[in-house]
Structures are given as structure tokens and as C-alpha cells.
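One structure is given here, and the rest of the page talks about it.
The values are calculated or read from the model by the stated rules, or taken from the named source; none is laboratory data. These figures come from a predicted structure and were not determined experimentally. Virtual Cβ from ideal backbone geometry, glycine too; neighbours counted across all protein chains shown.
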Amino acid sequence: MSFVACDWGTSRLRLRWRSPDGVSREVACDDGAARLAALPGDRAEAFAGALRRALDRLGAPEGLPVVVSGMAGASIGWHELPYAPLPFDLDGSGVIVERIAPGVHLVSGVRGASDMMRGEETQALGWAEQAGDALPSVATLVLPGTHSKHLRVESGAVTAITTFLTGELFEVLGRHSVLRHSIDPGTDAAAGSAGESAGVIAGAFDEGVAASGRMALGAALFQVRVRQVLHGRPAAANRAFLSGLLIGAELRALPGDDTPIVLAAGSGLRDSYTRAAAGCGLGSRWSAIEVDDLSEAGQQRLWRRWSGGRPPA
């Protein structure tokens, strides 16, 4: 890689570089856009300083250009860039890029009439890069997280974006609502607590997925409380129920046709979403890929496209 790949999220900053002999280097830290935006003083200098520190830790050769995707281009970021419009071609031709410091090139997000994303567009480019000729003509790419994105892809372009607050709802409800008394935010739902078996946790998750299909979400959420007070269900199981309920509600919003669904996620979310998809009857349309390298692959796709190996000024 003749550049450093930078994925700047709301809460985390990650840099990657692969040497000519194939050795990969990576650093990650908590200098996310939200934390830097809250600091007093000049915001641009705060972002520039965070990048300098991360580059020093990375140990890549000095002078390499840096391609930055994600929240550094948002209103809380280093420098706000306009969104590229839908449809967004996955060859990278619609990307807006701006040089914001010597050797630092900031990539825009994408917007439609009623939704938007920053960072996920680079992951979608990476998916297209990895899929090559096997890229489906029509598909939905699911990118779960704090704000899960469902991207409709048709004929090599993203044509629609839908955002779900699945991860944020789980966090807010578990820490700041009445449900916190029933789930214990410190409990690890995957591992369970107080000796709860994996089978009990998985069963509670499945019950949450099922509830998402037979009850309105607002009513189903209160069942977390009911499970504890009336039925004595333990915190770990209730936490798993809430997770299944929210993920199930998200996945049931997918179009009820035969369009392939591709999930891009790390192992934990990949397992949870795949289990929920089976419970929602989506198994025949479902496939999953690793998300970890997608941003880097998307930036590589852009780098090759840019004439002479340099982004536009």
C-alpha cells in the first residue's frame, strides 16, 4: 500500500498500512470524532494532532499519503464535506474527496433524500472490490453497529440507504431506562452470568427475535421488565432477549422478496445477526462476510482509480 488507510469513527480512530513484503501494521485508539469535537480550542488542530500521534505509533514510512474515511468529514469532524448523492456507483466515480492537510485526503459520505452515511460507503466500495465479478446485480448489504445501515445495491450502485438505531437503542435502554433494572448493563449476554448456560441465553435471544414478529416494538420492549418481575428471568437472559428483540425488529424491515442479503460484520455481531435472520425466515437469502478489511479494500479501490496514484487536489 502506497498510502495509509484511516477509518475515523465516532468513538475510535484506526490506521492501517501494509508494507511491500505483506506485513500489516495497525493502530487504534479512542481519539474518535466525538471526543475530539468536545475538546476546547481549535478542532482542526485537535484532529491533526491525533493523526500525527497515531502515525507515529504506526511506524509506516514518513511521507506516505493518508486516505481518511468516516466521521472526520462530518459536522463534528475535522472538516465538513458535502455528501455525494445517490445513486452511488461502487466503482468509486461518485466520491467527493478533498485535501485538508499536506498528504491527508478526506473522503465524503453519501446521502439520499431521507438518509445518509459516512464511512459505510467506503465499506461498500470494499465489498465490491472483494466481490469482483461475483458482485450481485441486486442485493442488500447490511452493516450492523451503533447505527446499522442497510444499503440497497442495484447494477453496481447503492440506490438507497436505511439507518436503524439498533446498537444505540440497546445501549440507551440498557443504561438509562427502566429496563436497566432487569438486564444489568454489566452482564455479558454472550457468556451469561450467575451460571446461566449458553442454551438459556440462546433461547432467550430466540424469544426476543420471535417477539419482534408478533408485537409492536414499544410493547415488546416492556416484556423485558415483565420477564424479570413476573417470571423471575435472570439478567443475562433478559439482556439476550432485548438483543434478539432489537435485531429482529431491524431485520424484519428488510424487503419481503428474494433479494440476496449480505451481512458484513465481525464475529460477535455476525453470529447474532445470522441467528436472528434464521428466526426471521431469511436464512435462504442470507450470507455473511468479514467486515474488518472492507474500509481498507474500499480505499485501495479509490487509490487505484485516482489518476497517477494521487487523489484530486
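Looking at the structure I just gave you, is A46 part of a helix (DSSP H, G or I), surrounded by 14 or more Cβ atoms within 10 Å (Cβ to Cβ) and over 23 Å from the mean Cα position of the chain (by Cα)? Break it down into steps so the answer makes sense when it comes.
Details: part of a helix (DSSP H, G or I): yes; surrounded by 14 or more Cβ atoms within 10 Å (Cβ to Cβ): yes; over 23 Å from the mean Cα position of the chain (by Cα): yes.
Criteria met by A46.
If I filter the stretch 80-99 for residues that are touching a His at 6+ places or on another chain (Cβ under 6 Å), under 17 Å from S69 (Cα atoms) and not in a helix (DSSP H, G or I), do I get at least one hit? If you could, list the steps in order and put the result at the bottom.
Let us first name the residues in the stretch 80-99 that are touching a His at 6+ places or on another chain (Cβ under 6 Å), namely 97, 99.
From the residues that got through so far, the ones that are under 17 Å from S69 (Cα atoms) too are 97, 99.
With not in a helix (DSSP H, G or I) added as a condition, the list becomes 97, 99.
Yes, that holds for at least one residue.
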*Considering the stretch 25-43 alone, what residues qualify as being surrounded by fewer than 17 Cβ atoms within 10 Å (Cβ to Cβ) and in contact with a Lys or Arg (Cβ under 9 Å, 6 or more places away or on another chain)?*
R25, E26, A28, C29, D30
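Quick one: count up the residues across the stretch 5-29 that are of a type in the set (V, I, T) and touching a residue at least 60 places away in the same chain (Cβ under 8 Å). Lay out the reasoning, then the answer.
Filtering the stretch 5-29 for residues of a type in the set (V, I, T) gives 10, 23, 27.
Of the ones still in play, those that are also touching a residue at least 60 places away in the same chain (Cβ under 8 Å) are 10.
Going through the stretch 5-29 one residue at a time, the tally reaches 1.
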*Among (1) more than 28 Å from L125 (Cβ to Cβ); (2) touching a residue at least 12 places away in the same chain (Cβ under 8 Å); (3) surrounded by fewer than 20 Cβ atoms within 10 Å (Cβ to Cβ) - the single one A216 does not satisfy*: (2)
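So if I check each of L106, L55, which one is not aromatic (F, W, Y) and not in a strand (DSSP E or B)? Explain how you work it out, then say what you get.
Numbers: L106 fails: not in a strand (DSSP E or B).
Exactly one residue qualifies, and that residue is L55.
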*Please list, ordered by first then second residue, the pairs with beta carbon atoms under 6 Å, 6 or more apart or interchain, first in the stretch 89-102 and assigned by TED's automatic domain parsing to the domain that holds W127 and charged (D, E, K, R), second surrounded by fewer than 16 Cβ atoms within 10 Å (Cβ to Cβ) and not in a loop (DSSP other than H, G, I, E, B).*
none
